[in-house]
Amino acid sequence: MKNKFVIGYYNLANFVTLTGLVCAVLACFMAASGNHFLAMLTLSLAALCDATDGRIARANRSATNRSRFYGVQLDSLCDMVSFGAVPCFIAYQMGYNGIIDILLYLLFCVCGATRLANFNTEAAVDSPDLKLKHFTGVPIPFSAMLLPLLVIVHMLAGHLSILFRLAFLVVGIGYVVRVKVPKPDGKAQAIIGAYMLACLIAILVIQLVK
């Protein structure tokens, strides 16, 4: 629904999208306070919102093409913050803040923005119904799956600059490589969810033990 007094379209899907953005920003504050578990928990909630908002939007049969296009743009803008900038900030707060690290974060964000702009272009130009059958390049929310694993390794083994640098470099390049990545079906999403939950439990246990 379009509001008469302020810009934007207001529906459940967009509310979920913005909730994910809020969770991701909260992850920055949690990371700054040194609480790895809460940082990864809120980032995981952002990923959950990202996995949910599209389904909600597609279920809304009464939405206009304009409001759907708005939803695509909003989702990508929030994704750039949540899964582009936020992981870099968290890694920086964890001590990976050298010159090389910062350069890799910049590359990571540039590649993430390029990937999202390409996704929006494909959705608008190549798909009249704004529905794509596959992703081109690694989906940017992949960083929300990678970072918890990196945090676990960091908590167990200490500072590992090479691992973090390699991870951000490879994933960043993966964003812009022209490869078709199938959209995860229900089974794949269940596996991803189980993996994320296992990572959160592991981080909580390690944090409590230490």
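Summary table below
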{"item": "Failed criterion for residue 69 (all others in (1) more than 30 Å from residue 164 (Cα to Cα); (2) in contact with a Leu (Cβ under 7 Å, 6 or more places away or on another chain); (3) surrounded by 18 or more Cβ atoms within 10 Å (Cβ to Cβ) hold)", "result": "(3)"}
{"item": "One residue from 59, 27, 85 being over 22 Å from residue 136 (Cβ atoms) and touching a residue at least 12 places away in the same chain (Cβ under 8 Å)", "result": "27"}
{"item": "Long-range neighbours under 9 Å by Cβ, at least six apart or interchain, first residue within 19 Å of residue 69 (Cβ to Cβ) and in contact (Cβ under 8 Å) with a residue 60 or more places away in the chain within segment 105-118, second aliphatic (A, V, I, L, M) and surrounded by fewer than 19 Cβ atoms within 10 Å (Cβ to Cβ)", "result": "115/176"}
{"item": "Residue within segment 119-127 that is loosely packed, with under 13 Cβ neighbours inside 10 Å, in contact (Cβ under 8 Å) with a residue 12 or more places away in the chain and not charged (D, E, K, R) present", "result": "no"}
{"item": "Within segment 1-53, considering residues that are assigned to a loop (DSSP other than H, G, I, E, B) and of a type in the set (Ser, Thr, Tyr), the one modelled with the highest pLDDT", "result": "33"}
{"item": "Within segment 142-180, considering residues that are touching a Gly at 6+ places or on another chain (Cβ under 7 Å) and among the β-branched types (Val, Ile, Thr), the one surrounded by the most Cβ atoms within 10 Å (Cβ to Cβ)", "result": "176"}
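Here's the yes/no breakdown for (1) of a type in the set (D, E, K, R); (2) part of a helix (DSSP H, G or I); (3) closer than 21 Å to residue 53 by Cβ:
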| site | (1), (2), (3) |
| --- | --- |
| 105 | no, yes, no |
| 135 | no, no, yes |
| 139 | no, no, yes |
| 144 | no, yes, yes |
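The values are calculated or read from the model by the stated rules, or taken from the named source; none is laboratory data. Predicted model only: the values in this text are computed from it and were never measured. FYI the Cβ positions are ideal-geometry reconstructions off the backbone, even for glycines, and counts take in every protein chain you see.
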